[in-house]
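Reading through the structure tokens given below for one structure.
The values are calculated or read from the model by the stated rules, or taken from the named source; none is laboratory data. For clarity, every value in this text was computed on a predicted model and none was experimentally measured. Here the Cβ is made from the backbone with ideal geometry for all residues, glycine too, and neighbour counts use every protein chain on show. Heads up: the accessible areas ignore ligands, DNA and RNA and are worked out on the full protein's heavy atoms, side chains in. Shrake-Rupley method; radii C 1.70, N 1.55, O 1.52, S 1.80 Å.
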Amino acid sequence: RKEVEQDPGPFNVPEGATVAFNCTYSNSASQSFFWYRQDCRKEPKLLMSVYSSGNEDGRFTAQLNRASQYISLLIRDSKLSDSATYLCVVFQGTGGFKTIFGAGTRLFVKA
Amino acid sequence: NAGVTQTPKFRILKIGQSMTLQCTQDMNHNYMYWYRQDPGMGLKLIYYSVGAGITDKGEVPNGYNVSRSTTEDFPLRLELAAPSQTSVYFCASSSRQGNEQFFGPGTRLTVL
């Protein structure tokens, strides 16, 4: 089982749609969780951190479920500019400090 | 602030050649990382450093070496390039482990 596993995608959605990405992680001791965005042929950039209580930033909502070991990202009212790859990232603070990147889920938003 | 800068942006190497990928950050971050990203795959950690003079292996260190003589610079050395090292290489830095990582623009390397 992969340490961090994401929906394989790609997701093709029309403008204005709501889309949700899921991510599961294998190490129950994982401490920090993030969603990064990566545009085509560019570097990853932090989209948002994921907190236990869930958090929202404009059209983006991130949720963490520690019991089930999954993270989600919800994008409401999709824009063309949301087209990118979304990377789920997990930091393990025990059993070896390391940050693990998921393979990413590609999103295409079409007019 | 420039953030994290990497040079070169692109490079083509012949099998057996060597090269150094440069990485510099101006955020005074102690933690620096080198990743490679193959098509459709997640980032794989090659080496990381927790401060000047301290480096450690990541998940895929074979065929690479690093040094960290200053806080700012973290070069990655490829010795005896092989086609399997064709990839996009990203350097990143963070203020602490577990915090946001800031990435450079990447180096696209092809080994023929």
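Taking only protein heavy atoms into account and a 1.4 Å probe, give the accessible area per residue of chain B in Å².
On the way: 5360 Å² over 112 residues.
For chain B, the per-residue accessible area is 48 Å².
Ignoring ligands and nucleic acids, what accessible area does B:Thr86 show with a 1.4 Å probe (Å², nearest 10)?
50 Å²
How large, in percent, is the carbon and sulfur part of the accessible surface of the range A:1-50 at a probe radius of 1.4 Å? Write down the numbers at each step before the final one.
Values: 1190 of 2630 Å².
Result for the range A:1-50: 45 percent of the exposed heavy-atom area is carbon or sulfur.
Short version: which residues of the range B:34-68 lose at least 50 Å² of accessible area, all chains versus chain alone, 1.4 Å probe?
At a threshold of 50 Å² (probe 1.4 Å), the residues of the range B:34-68 that become less exposed are B:Leu43.
In the range B:1-92, what percent of the accessible surface is made up of carbon and sulfur (1.4 Å probe, ligands and nucleic acids excluded)?
51 percent
Would you give the gap between the C-alpha center of the range A:1-68 and the C-alpha center of the range B:32-93, rounded to a whole Å?
25 Å
Just grab the label-to-label distance for B:Lys14 and A:Arg41, each label 7 Å out from Cα along the Cβ direction, in nm (one decimal).
Roughly 2.7 nm, to one decimal.
Which Cys in the protein assembly as shown stand alone, with every other cysteine's Cβ at 4.7 Å or more from theirs?
So, A:Cys40.
Assign unit charges at the C-beta atoms only (+1 for Lys and Arg, -1 for Asp and Glu), then state the dipole size of chain A relative to its Cα centre in Debye, rounded to the nearest 20. List each step's numbers first, then the result.
On the way: 13 positive and 10 negative charges, 41 e Å.
The dipole magnitude comes to about 200 debye.
Report the gain in length on full extension from A:Ala17 to A:Asp57: 0.36 nm times residue separation, minus Cα-Cα distance, nm rounded to one decimal. The partial results should precede the final answer.
Working: separation 40, 0.36 × 40 = 14.40 nm, distance 1.71 nm.
Residue separation times 0.36 nm, minus the Cα-Cα distance, leaves 12.7 nm.
Please go through the range A:1-66 and write out the trypsin sites (Lys or Arg not before Pro) that DSSP classes as loop and that have at most 16 other C-beta atoms within 10 Å.
Values: sites: A:Arg1, A:Lys2, A:Arg37, A:Arg41, A:Lys42, A:Lys45, A:Arg59, A:Arg66; in loops: A:Arg1, A:Lys2, A:Arg41, A:Lys42, A:Arg59, A:Arg66.
When the trypsin sites (Lys or Arg not before Pro) of the range A:1-66 are filtered for loop state and at most 16 Cβ neighbours within 10 Å, A:Arg1, A:Lys2, A:Arg41, A:Lys42, A:Arg59, A:Arg66 remain.
Buried accessible area between B and A (1.4 Å probe, both chains summed, ligands and nucleic acids excluded), in Å² to the nearest 100?
Working: alone 6050 and 6070 Å², together 10750 Å².
The buried area between B and A, both sides summed, comes to about 1400 Å².
Could you tell me which residue out of B:Met32, B:Tyr89, B:Gln17 lies farthest along the dipole of the protein assembly as shown toward its positive end? Charges go on the beta carbon: Lys and Arg +1, Asp and Glu -1, centred on the Cα centre.
It is B:Gln17.
Ignoring ligands, DNA and RNA, how do A:Asp77, A:Asp7 rank by accessible area with a 1.4 Å probe, largest first?
Working: A:Asp77 70, A:Asp7 40 Å².
I get A:Asp77, A:Asp7, largest accessible area first.
Probe of 1.4 angstrom, ligands and nucleic acids ignored: what's the accessible area per residue over the range A:2-85, in square angstrom?
On the way: 4270 Å² over 84 residues.
Ligands and nucleic acids excluded, the result is 51 Å² per residue.
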